[in-house]
Amino acid sequence: MNLKQPRNKVDFCTLEYDPPQIARFSPLPYVIRLARFNVAPIYNSNKIIYRNQSFKRNAYFYYKWQANPRDLVTHFIHRDMRQSGLFRAVLPHDSMLLPSHVLEGTVDEFFEWDMDESWKAVLSVSITFTAQKGSDVSNGVLFQKAYHVTKPCNQKRPEALAEAMSQAMAVLSRQITEDIYSCLEDRSESLQSSRPPGKK
């Protein structure tokens, strides 16, 4: 990797955005635990990675993320799902409580794409959502899905990347939360319709 070295002081960047406002639905009676996400090997550090040529990934030397992308993505999805109020509880990966469902994922891309005319933030995450033994829906994998979001940087600077990546994270987190809610809502309705009359 080549390292951009424009200065001597290391600046640390992070994501910053308000939790997405999701239209209020009836909360579902499920407890979801977020496993700590995995991350593709090339992004498994707090270096800010950028792409300015095909088949190459480079890193800044004096700009870094405050934490590994896996932990940033895990934290913000957990925060946003918890604050959505759509589920009985959303647990962190180290919780000792038993969940009804588990969300696992991998950060596939987390980088700055430098083009001649502009830069953009690239964020890709794939998830697997499973039901745990004893939950009200069928056990096993409920769905897998990959998400890909890009947002333009308003300047050609790492600080602008942090802002654009925050915007991408807000979009991705909202999509994941809504997809999980829709999955559980549909399965709850199917379960209710399959029960004999008079059964709850």
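The values are calculated or read from the model by the stated rules, or taken from the named source; none is laboratory data. All values derive from a computational prediction rather than experimental measurement. Note: ideal-geometry Cβ built from the backbone for every residue, glycine included; neighbour counts use all protein chains shown.
Tally the residues that are surrounded by fewer than 19 Cβ atoms within 10 Å (Cβ to Cβ) and outside any loop (DSSP other than H, G, I, E, B), restricting the search to segment 76-90.
Going through segment 76-90 one residue at a time, the tally reaches 5.
Would you check which residues across segment 98-117 are assigned to a loop (DSSP other than H, G, I, E, B) and either charged (D, E, K, R) or in contact with a strand residue (DSSP E or B) (Cβ under 6 Å, 6 or more places away or on another chain) (or both) and list them?
Of everything in segment 98-117, those that are assigned to a loop (DSSP other than H, G, I, E, B) and either charged (D, E, K, R) or in contact with a strand residue (DSSP E or B) (Cβ under 6 Å, 6 or more places away or on another chain) (or both) turn out to be Pro99, Ser100, Asp116, Glu117.
Would you tally the residues in segment 56-72 being touching a Leu at 6+ places or on another chain (Cβ under 8 Å) and either crowded, with 18+ Cβ neighbours inside 10 Å or farther than 17 Å from Glu16 by Cα (or both)?
Number satisfying all stated conditions: 6.
To keep it simple, each residue is scored yes or no on (1) modelled with pLDDT under 95; (2) of a type in the set (A, V, I, L, M, F, W, C).
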position	(1), (2)
Lys9	yes, no
Cys13	no, yes
Ile32	no, yes
Leu72	no, yes
Pro92	no, no
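Condition test on Leu103, is it touching a Pro at 6+ places or on another chain (Cβ under 7 Å) and modelled with pLDDT of 95 or more?
Answer is no for this residue.
I'd like the residue in segment 118-154 that is modelled with pLDDT of 95 or more and part of a loop (DSSP other than H, G, I, E, B) and, out of all such residues, is nearest to Asp179 (Cα to Cα).
Cys153
Being out of contact with any strand residue (DSSP E or B) (no Cβ under 7 Å at 6 or more places or on another chain) and either in a strand (DSSP E or B) or small (Gly, Ala, Ser) (or both) is the filter here, so list the residues in segment 53-71 that pass it.
Across segment 53-71, the qualifying residues are Ser54, Ala67.
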